[in-house]
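Values in this text are rule-based calculations from the coordinates and carry no lab data. What you are looking at is a predicted structure, and each value in this text was computed from that prediction instead of being measured. Heads up, the Cβs are rebuilt from the backbone with ideal geometry, glycines too, and the neighbour counts pull from every protein chain shown.
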Amino acid sequence: MQYNTIHVEASRSYDIHIGRGILAGLGEFIRPLLGNCRLAVLTDSNVDVLYGNAIMEYLNAAGYNACKYVIPAGEASKCADTLLAFLNFMAAEQLTRSDAVVAFGGGVVGDLGGLSASLYLRGVKYVQVPTTLLAAVDSSVGGKTAIDIPAGKNLVGSFYQPSLVCCDTALMDTLLPNIYRDGCAEVIKYGMILDGKLYDTLHTLPFDREAVVSRCVEIKRDVVQQDEFDNGIRGLLNFGHTFGHAIEKLSNFAVSHGEAVAKGMVIAARMAPLCGLCDVADELSALLVQYGFDIACPYSANEVYEALLSDKKRRGGNISVVLPRSVGDCTLVSLPVEELKELLQKVI
Ligand code: GLY
């Protein structure tokens, strides 16, 4: 079995293994870390149909007594009801403090699984097994866990690092093209914020999935190690996200996360020269179009501005935005909301 391992030093340190076909080795990755515990596998209805039997067979073959809880696929499951239902399931299965959660799916499953693990018996260990490109390069790394509440997305959560991330890139073969593309927006983001060399390789399609996922995870690892609790440089990971979240919200989540981030990155790139920074908007737009993204913002500057005002990154009268200084180098800029409104009117 061939795979790359990236080590993260955080409040809980852990390895991230990345390779094709490594799901079969999940039990062997888990054993040295967690011993012969019980495992509660959390997954969603889409992943379960494709890979639910496989993961249970691999874990059973490795000698694990694993139980499985399947939630309906989709963002609507990332809620308090599902969280409570899974906690009740773990209690009914009599899981103890030395047992663990395996979050097997995309961002919804990862966020929910991580939060459940942080709450059950005041904290049990958990393993992330991402099945989408987006989860592999973003949500499964760095320990952010969350559910949505009626007031907004991700408003209830914790920082709680996994004990292991096992990323089998073969699982992404079955992703629908638009779901795979959502992850590509995030990959392009990593190139733009911190690695011009990675960015350049993305012009050749299809990219080397294992190499690209590994590099993105390394970049995220380096950022998280410096700022685990998101008080500074971790904000760079929000390139395109401040505007993207506003667009997602305005569309009532009909615009997917990746599509919204692509539009948001273009807005930020257009804003940069108006703030005395470089102009990479045409270059970035061309790459996003090459990946099939529609980069036009379907909302007016005023609509985006109003949606931005409730952003959880807002601090007092200022909002932090990430702007490019060049390809591979972005910076955090804190802008008064009124100035941001004027800038939005110039770029949308
Ligand atoms: N998704 C951004 C972060 O993990 O900070």
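How large is log10 I(q)/I(0) at q = 0.18, 0.21 Å⁻¹ when the Debye formula is applied to the Cα atoms of segment 226-319, each weighted equally and without solvent?
-0.88, -1.14
Using 19 Å as the cut-off for backbone N distance, which residues of segment 67-81 belong to the label zone defined by a point 7 Å from the Cα of residue 92 along Cα→Cβ?
Answer for segment 67-81: 67-73, 77-81.
If we restrict to alpha carbons, what Rg and Dmax does segment 105-151 come to, in Å?
Rg, Dmax (Cα atoms, Å): 10.6, 31.
If you stretched the chain out fully between residue 15 and residue 122, how much longer would it get, using 0.36 nm times the residue separation minus the C-alpha to C-alpha distance? The partial results should precede the final answer.
Details: separation 107, 0.36 × 107 = 38.52 nm, distance 2.31 nm.
In short, 36.2 nm is gained.
Among 322, 310, 295, whose Cα sits farthest toward the positive end of the charge dipole of segment 270-331 (+1 at Cβ of Lys/Arg, -1 at Cβ of Asp/Glu, about the Cα centre)?
Of the options given, the answer is 310.
Return the Rg/Rh ratio of segment 145-228 with Cα-based radii and a Kirkwood Rh.
1.01
Per residue, how much space in cubic angstrom lies within the convex hull of the C-alpha atoms of segment 219-274? Mind showing how you got there, number by number?
Numbers: hull volume 5.6 nm³, N = 56.
Spread over its residues, the Cα hull of segment 219-274 gives 100 Å³ apiece.
Once you charge only the Cβ atoms, +1 for Lys and Arg and -1 for Asp and Glu, what is the size of the charge dipole of segment 211-281 about its Cα centre, to the nearest 20 debye?
Working: 7 positive and 8 negative charges, 31 e Å.
Charge dipole, segment 211-281, about its Cα centre: 160 debye, nearest 20.
Using Cα pairs under 8 angstrom and six or more residues apart, how large is the relative contact order of the chain, in percent?
Working: 667 pairs, mean separation 50.6, N = 348.
Relative contact order for the chain comes out at 15 percent.
Past the 25 angstrom mark, what percentage of all C-alpha to C-alpha distances in the chain do you count? Working shown, then result.
Details: 30459 of 60378 pairs.
More than 25 Å apart: 50 percent of the Cα pairs in the chain.
What 222 nm value per residue comes from the helices of the chain, counting each DSSP H run with n ≥ 4 as -39,500 (n - 2.57) and dividing by all residues, nearest 500 deg cm²/dmol?
Details: 12 runs with 140 residues, N = 348.
Result for the chain: -12500 deg cm²/dmol, rounded to the nearest 500.
Among 332, 50, 59, which one moves the most in a GNM of the chain with springs linking Cα atoms closer than 10 Å?
Comparing 332, 50, 59 in a Gaussian network model of the chain, the most mobile one is 50.
Modelling each spin label as a point 7 Å along the Cα-to-Cβ direction, I'd like the residue 225/residue 33 distance in nm, to one decimal.
Here the modelled spin labels are 1.7 nm apart.
Go from 0 up to the bin containing the longest alpha carbon distance in segment 282-348, width 10 Å each, and give me the % of pairs per bin.
Going out from 0 Å in 10 Å bins, segment 282-348 shows 18, 41, 37, 4 percent.
How large is the convex hull of the Cα atoms of segment 55-98 per residue, expressed in Å³ as a whole number? Can you show the working numbers first?
On the way: hull volume 4.0 nm³, N = 44.
Looking at segment 55-98, the number lands at 91 Å³ per residue.
For segment 70-172, divide the Cα radius of gyration by the Kirkwood radius and give the resulting Rg/Rh value with two decimals.
With Rh from the inverse mean 1/r over Cα pairs, Rg/Rh is 0.94.
About the Cα centre of the chain, what is the dipole size in debye to 20, counting +1 per Lys and Arg Cβ and -1 per Asp and Glu Cβ, all else neutral?
Working: 29 positive and 39 negative charges, 138 e Å.
About 660 debye.
Taking 1 over the mean of 1/r across every pair of different Cα atoms in segment 1-139, what Kirkwood radius in Å do you get?
Details: mean 1/r = 0.0663 Å⁻¹.
Hydrodynamic radius (Kirkwood, Cα pairs) of segment 1-139 is 15.1 Å.
Percentage of Cα-Cα pair distances in segment 182-239 greater than 17 Å, rounded to whole percent?
Numbers: 558 of 1653 pairs.
Percent of Cα pairs beyond 17 Å in segment 182-239: 34.
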